[in-house]
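The next block holds one structure in the form of structure tokens; read it before the comments.
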Amino acid sequence: MTAKDRKCPAPNCQERIPRKYFCCRSHWFSISKPLRDRVLQTYTKGQEHNLDLITDAYILAHDEALDFLRDAAKPKPPFVK
Ligand SMILES: [Zn+2]
């Protein structure tokens with residue numbers, strides 16, 4: 001573990017990940033493919049070291065992906081008949 005590591009942002013996940021990664025591997029693949037593609041496409045190389053490189057499009061995709069993980073972690077409501 002190095003100082004560059006951080007915790008996976010998904011709720012209740014203790015995985016350590018490199019800073020350039022959005023989240024741990026298992027959570028990453030739980031995110032829908034179109035959303036994953038958007039996070040990747042809007043990522044700027046080196047942005048984890050230089051916040052000025054982060055684009056609005058990335059922040060938007062990042063927040064949506066985070067919402068996705070938080071929603072997925074919520075207990076599912078019982079089926080309503
Ligand atoms: Zn995780």
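Readers should treat all values here as calculations from the given coordinates under stated rules, not as data from a laboratory. Worth saying up front: this structure is predicted, and the values here are computed from it rather than measured. We place every Cβ from the backbone using ideal geometry, glycine too, and count neighbours over all the protein chains shown.
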Point to revise | Given charges at Cβ of Lys, Arg, Asp, Glu: region 5-70 dipole, positive-most of ALA61, LEU51, TYR21 | key: TYR21
Point to revise | Straight-distance crosslink candidates among aspartates and glutamates, where the alpha carbon sits under 16 Å from LYS4 and sequence neighbours closer than 8 are dropped | key: GLU15, GLU48
Practice item. Taking the Cβ of each residue in LEU69, LEU51 as the centre, tally the other Cβ atoms inside 10 Å and list the residues starting with the fewest. Key: LEU51, LEU69
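Kindly flag which residue pairs out of LYS20/LYS76; LYS20/LYS74; LYS45/LYS76 have an alpha-carbon separation exceeding 29 Å in this structure. Could you put the intermediate results ahead of the total?
Working: LYS20/LYS76 31 Å; LYS20/LYS74 26 Å; LYS45/LYS76 37 Å.
Pairs exceeding 29 Å: LYS20/LYS76; LYS45/LYS76.
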Exercise for review: Determine the gain in length on full extension of the stretch LYS7-ARG70; use 0.36 nm per residue of separation and subtract their C-alpha separation, reporting nm with one decimal.
Suggested key: 21.2 nm
Study note, to complete from the structure: Computed for region 5-70: size of charge dipole around the Cα centre, +1 on C-beta of each Lys and Arg, -1 on C-beta of each Asp and Glu, debye to nearest 20, value 320 debye
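To the nearest 500 deg cm²/dmol, what mean residue ellipticity at 222 nm is calculated for the chain from DSSP H runs of n ≥ 4 alone, each contributing -39,500 (n - 2.57), summed and divided by the residues?
Values: 3 runs with 32 residues, N = 81.
Calculated mean residue ellipticity at 222 nm is -12000 deg cm²/dmol.
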Exercise for review: Just tell me the longest site-free run in the chain, where the sites are chymotrypsin sites (Phe, Trp or Tyr not before Pro) in a DSSP loop having at most 11 other beta-carbon atoms within 10 Å.
Suggested key: 30-78
